[in-house]
Ligand SMILES: Nc1ncnc2c1ncn2[C@@H]1O[C@H](COP(=O)(O)OP(=O)(O)OP(=O)(O)O)[C@@H](O)[C@H]1O
Ligand SMILES: [Mg+2]
């Protein structure tokens with residue numbers, strides 16, 4: 001399964017979610033490839049500041065031909081996560097076409113809702129070629145007990161072909177702290193609330209990972 005973590009808007013949490021889901025799936029016993037499809041090379045930088053090799057493979061492939069090159073490589077893994085680039089439409093199109101499921105991280109702000117429509121539009125265009133393409137919003141950096149947090153899921157209902165995943169990721173400092181050390185949250189703080197949320201999100205995307213990995 002190829003999961004693209006994509007949003008044309010910058011700074012919404014694409015790299016954070018791609019790296020941490022890669023870690024969750026790998027922790028659950030799956031073979032995982034993380035593809036850095038962003039010319040900024042953030043996922044590659046993450047893996048290069050680590051003291052030890054990550055438990056999953058990381059490659060750079062920021063190319064508009066990604067959708068043609070990735071399937072052959074993807075066959076060797078249970079799960080492939082694509083960390084997408086912001087803004088560049090031709091890279092986003094290639095990453096969307098390569099994906100079975102697109103996760104669109106969004107922060108609870110009106111700007112993110114307006115910007116989300118650009119990414120949803122690209123996904124709808126891709127469905128002309130790839131009918132089964134799935135898409136889900138993943139709410140990131142939610143601040144607990146705020147009205148904007150509550151109203152936000154409702155505002156996303158305007159995209160009926162893109163349901164919202166039921167496990168929002170909360171705004172927590174452990175995301176930046178772990179990334180600075182080249183670690184996933186699961187590695188840096190395995191007992192943290194953030195780690196529990198991430199595991200729940202991973203299980204929602206890929207149910208019963210232990211059983212399927214066996
Ligand atoms: N849930 C969270 N809580 C706190 N900080 C977060 C959270 N998610 C992401 N961040 C921080 O937000 C910043 C942007 O995140 P990230 O780099 O993952 O976004 P991005 O969408 O990949 O950005 P770009 O579009 O530049 O590739 C980073 O500093 C990251 O540590
Ligand atoms: Mg990024």
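The values are calculated or read from the model by the stated rules, or taken from the named source; none is laboratory data. Given the structure is predicted, the values throughout are model-derived calculations rather than measurements. Cβ atoms come from the backbone with ideal geometry, glycine included; neighbour counts cover every protein chain shown.
Brief remarks follow.
- The listed residue being at pLDDT below 95 and surrounded by fewer than 24 Cβ atoms within 10 Å (Cβ to Cβ), out of 52, 62: 52
- Number of the exception - residue 87 against (1) surrounded by fewer than 19 Cβ atoms within 10 Å (Cβ to Cβ); (2) on the phi < 0 side of the Ramachandran plot: (2)
- Tally, over segment 26-63, of residues that are out of contact with any helix residue (DSSP H, G or I) (no Cβ under 6 Å at 6 or more places or on another chain), more than 13 Å from ligand 1 (Cβ to nearest atom) and more than 17 Å from residue 181 (Cα to Cα): 8
- In segment 10-22, the count of residues that are modelled with pLDDT of 95 or more, closer than 19 Å to residue 119 by Cβ, near ligand 1 (Cβ under 10 Å from one of its atoms) and over 11 Å from the mean Cα position of the chain (by Cα) is one or more.
- Residue 166 being touching a residue at least 40 places away in the same chain (Cβ under 8 Å), more than 16 Å from ligand 2 (Cβ to nearest atom) and either surrounded by 11 or more Cβ atoms within 10 Å (Cβ to Cβ) or within 21 Å of residue 87 (Cα to Cα) (or both): no
- Residues in segment 35-49 that are surrounded by 20 or more Cβ atoms within 10 Å (Cβ to Cβ) and within 23 Å of residue 170 (Cβ to Cβ) were compared, and the one that is nearest to the chain's Cα centre (by Cα) is 43.
A quick yes/no check of all residues on (1) outside any helix (DSSP H, G or I); (2) at pLDDT below 95; (3) buried (at least 21 other Cβ atoms within 10 Å of the Cβ):
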site	(1), (2), (3)
145	yes, yes, no
150	no, yes, no
155	no, yes, no
175	no, no, yes
178	no, no, yes
182	yes, no, no
195	no, no, yes
198	no, no, yes
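- Any hit, segment 123-132, residues being in a helix (DSSP H, G or I), more than 16 Å from ligand 1 (Cβ to nearest atom), closer than 30 Å to residue 68 by Cα and over 19 Å from the mean Cα position of the chain (by Cα): yes
- Within segment 100-122, tally of residues that are assigned to a helix (DSSP H, G or I) and closer than 26 Å to residue 194 by Cβ: 7
- The one condition from (1) within 23 Å of residue 92 (Cα to Cα); (2) out of contact with any strand residue (DSSP E or B) (no Cβ under 6 Å at 6 or more places or on another chain) that residue 151 does not meet is (1).
- Per-region count, segment 46-93, residues touching a residue at least 40 places away in the same chain (Cβ under 8 Å) and under 13 Å from residue 36 (Cα atoms): 13
- Residue 22 falls short on exactly one of the conditions (1) in contact with a helix residue (DSSP H, G or I) (Cβ under 7 Å, 6 or more places away or on another chain); (2) over 17 Å from residue 97 (Cα atoms); (3) buried (at least 23 other Cβ atoms within 10 Å of the Cβ), and that condition is (1).
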